[in-house]
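Structure record follows, encoded as structure tokens.
Since every read-out is calculated from the coordinates, none of them should be taken as a lab result. Just so we're clear, the structure is a prediction, and the values are computed from it rather than from any experiment. Please note: Cβ atoms are built from the backbone with ideal geometry, for glycine as well, and neighbour counts cover all protein chains shown.
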Amino acid sequence: MTNQDVNLYGTVHGGVIMKFVDDAAGAAAARHCGFNAVTVAIDEITLMVPVKVGDLVHAKAQVNWTGKTSLEIGVTVFAERWNEADREPVNVATAYLVFVGVDADGNPRHVPQVVPESPDDVRRWHEAEIRREHRLARRQAIDRHRADGA
Ligand SMILES: CC(C)(COP(=O)(O)OP(=O)(O)OC[C@H]1O[C@@H](n2cnc3c(N)ncnc32)[C@H](O)[C@@H]1OP(=O)(O)O)[C@@H](O)C(=O)NCCC(=O)NCCS
């Protein structure tokens, strides 16, 4: 992180971390699909620890769940001081994002299924299903408002 990334308080702007999260998740989604995938929803992004100028920031992104054309990616972000290699990286943020696989015209297309392997993968799959229910309920509410012209 550089001094171009700071907010008014001198720590790294949340939006910088959010873009990084979206980029990391997008790379995981496209790699899993083998074709383009676009972000359709970002939720439960939690920024737990301030990131500072000079921190080396890295992310781990994993496909948690796949549907017909959509997939959920979980992202964990870590930061470490550039000059403190002996210290463990700190978990500074987590997020869940939904991507949709798209064809050349931008229409949804079927995505390859992910197969949960470890007990943690199975847990993530089930938790992703719960989040999906909530997202779809919110999406229906948004669609109703749009249909009403609100
Ligand atoms: C992504 C996009 C093509 C999907 O089109 P759509 O008409 O909503 O498609 P559908 O209603 O068929 O939904 C496609 C999938 O997304 C899921 N979905 C749609 N909205 C969702 C939401 N808010 N949360 C979770 N999943 C959602 C649907 O459940 C469906 O999943 P499934 O096939 O696995 O069951 C369209 O919304 C779009 O182009 N959005 C803009 C994307 C963008 O520009 N992103 C930024 C650049 S990367």
Okay, helix-only estimate at 222 nm for the chain: each DSSP H run of n ≥ 4 adds -39500 (n - 2.57), divide by all residues, round to 500 deg cm²/dmol; what do you get? -11500 deg cm²/dmol
Label D103 and T2 with points 7 Å out from Cα along Cα→Cβ: what is the distance between them in nm? 4.2 nm
Sorted by packing (mean other beta-carbon atoms within 10 Å per residue), highest first, where do 95-108, 130-143 land? 95-108, 130-143
Starting from the Cα of K60, draw a straight line to each of the aspartates and glutamates and keep only those under 17 Å, dropping any in the same chain fewer than 8 residues away. D22, D23, D43, E44, E72, E80, E88, D120, D121
Signed unit charges on C-beta, dipole axis of the range 4-150, positive-most listed residue A41, V115, A25: A41
In debye to the nearest 20, how big a dipole does the chain give about its Cα centre with +1 on each Lys and Arg Cβ and -1 on each Asp and Glu Cβ? 360 debye
Apply 1/(1 + (r/R0)^6) to the Cβ-Cβ distance of E117 and D43, taking R0 = 22 Å, and write down the FRET efficiency to the nearest 0.05. 0.30
Over the Cα atoms of the chain, what Rg and Dmax result, in angstrom? 17.2, 57
